[in-house]
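Attaching a single structure in structure tokens format; questions to follow.
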Amino acid sequence: MNPQLDSLVVSSMNLDTFPRIRLFDAPTPIQRLERIEAALGLKGARLFAKRDDLMGLGGGGNKLRKLEFLLGAAIAQGCDTFVTTGARQSNHARLSAAAAARMGLAAELMLTDTVPREDEAYRHNGNQLLDALFGATVHHLPSGSNALAAARARAKKLQAEGRKAYVVGAGGSSPVGALGYAACADEIRAQEAELGLRFETIIVANGSHGTHAGLVAGLAAAGDDPRRVLSFTVLAEVEEARNHTRALANDTLAALACDPLVDDDIRIDGSQRGEAYGIPTEAMLAAVRLMARAEGLLIDPVYSGKAFAGVLAGLAEGRFTGDVLFVMTGGTPGLYAYRPAFAA
Ligand SMILES: *Cc1c(COP(=O)(O)O)cnc(C)c1O
């Protein structure tokens, strides 16, 4: 066996049959957000955060959970290069670059200008600064490009040069990547047992669907209720997001040799998406500011900011009654790319 794979992790699912590397210290903490609770005047509901932003590699964030399995597969297949796609300010691209560096692989990022922001901060700060620091080769594609096709073409070119590339699309949201959040579902269940509680609702942002899909696959595989997960879509329209998330969850369950979901197991809310992916909303700006001022915690403007705006609205309207777990997914380098949006 490859010595890079020696820290295999054992799980209650058959997750241990997949090659995996360790990229962060688990479990990430679950912490109560009492000052937000007080600010909202909550009665009954309690609010907790799963700190998936607290990971020591590359600035941390949810993509590291996927990369544990994606890079595990790449290394098991003898690859020397990791090729992936994303938006210019992609957190997944940045963490792929950091994790590849950590494992001694080259990283090549195929980035597309999908967000209409032309300012200096968006173009060059935040994740863009870090991609270069981590030594990744960055290819900028024109908007409207098929980035995955470009990534596959790049892998072919590398192969002709005697290299071997592992290719995964946006957000690392293949069934292999989604296993990272199936493992996280196990982790949350173990923490619930330890804390002596059960979260009624587990809330997360939904972009490329792998986080939501992995969580529901992990819960379903454990015989737990996948409807505890609620996501706020920040990219696709709600119906498309639901279809893609369900398909990815079922592919992930198939990889785990488990039964598929029933039809209404995927809960997605479209109310916080705003105009489009990466375009700020007033509710996002308010949610990022409240989290910073009440708790001293940072959430990102593209994903968790919008999802947390949904958490705040739901709590204020009394839609969540029991214990709520908000999965903080990282992405805080994005704050620096959105400086003009916060300047007003
Ligand atoms: C990618 C990302 C998400 C969404 O995860 P998906 O698996 O793409 O749905 C949420 N938060 C942050 C900070 C991200 O970078």
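Does residue 229 count as open to solvent by 20 Å² or more (accessible area, probe 1.4 Å), of a type outside the set (Phe, Trp, Tyr) and modelled with pLDDT of 95 or more?
Spelling it out, it is not the case that residue 229 is open to solvent by 20 Å² or more (accessible area, probe 1.4 Å), of a type outside the set (Phe, Trp, Tyr) and modelled with pLDDT of 95 or more.
Conditions (1) at pLDDT 95 or above; (2) of a type in the set (Val, Ile, Thr); (3) in a loop (DSSP other than H, G, I, E, B); (4) open to solvent by 20 Å² or more (accessible area, probe 1.4 Å), marked per residue:
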position: 22; (1), (2), (3), (4): yes, no, yes, yes
position: 43; (1), (2), (3), (4): no, no, yes, yes
position: 50; (1), (2), (3), (4): yes, no, no, no
position: 75; (1), (2), (3), (4): yes, yes, no, no
position: 82; (1), (2), (3), (4): yes, no, no, no
position: 92; (1), (2), (3), (4): yes, no, no, no
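Something else about it: Regarding residue 324, is this residue surrounded by 22 or more Cβ atoms within 10 Å (Cβ to Cβ) and without any contact (Cβ under 8 Å) to a residue 60 or more places away in the chain?
Taking the combined requirement at face value, the residue does not satisfy it.
Can you give me the number of residues within segment 116-142 that are of a type in the set (Asp, Glu), open to solvent by 60 Å² or more (accessible area, probe 1.4 Å) and either in contact with a Pro (Cβ under 6 Å, 6 or more places away or on another chain) or touching a residue at least 40 places away in the same chain (Cβ under 8 Å) (or both)?
Residues that pass the stated criteria total 0.
Can you tell me which of (1) assigned to a loop (DSSP other than H, G, I, E, B); (2) more than 14 Å from the ligand (Cβ to nearest atom); (3) within 24 Å of residue 16 (Cα to Cα) is the one residue 71 doesn't meet?
It is condition (1) that residue 71 fails.
Hey, can you tell me all the residues within segment 241-254 that are surrounded by fewer than 24 Cβ atoms within 10 Å (Cβ to Cβ) and within 15 Å of the ligand (Cβ to nearest atom)?
242, 243, 244, 246, 247, 251
List the strands (runs of 3 or more DSSP E) inside segment 152-240, counting only whole elements, that have at least 1 residues being among the polar types (S, T, N, Q) and either within 14 Å of the ligand (Cβ to nearest atom) or farther than 24 Å from residue 79 by Cβ (or both).
Passing ranges, in order: 201-206, 229-233.
Right, another one. Restricting attention to segment 143-165, which residues are in contact with a Ser or Thr (Cβ under 7 Å, 6 or more places away or on another chain), buried (at least 16 other Cβ atoms within 10 Å of the Cβ) and of a type outside the set (A, V, I, L, M)?
145
The values are calculated or read from the model by the stated rules, or taken from the named source; none is laboratory data. Since the structure is predicted, the reported quantities are computational estimates derived from the model, not experimental observations. Because the Cβ atoms are built from the backbone with ideal geometry, glycine has one as well, and the counts that use them run over all protein chains shown. Please note that ligands, DNA and RNA were not included when accessible areas were found on the heavy atoms of the full protein model with its side chains. Shrake-Rupley method; radii C 1.70, N 1.55, O 1.52, S 1.80 Å.
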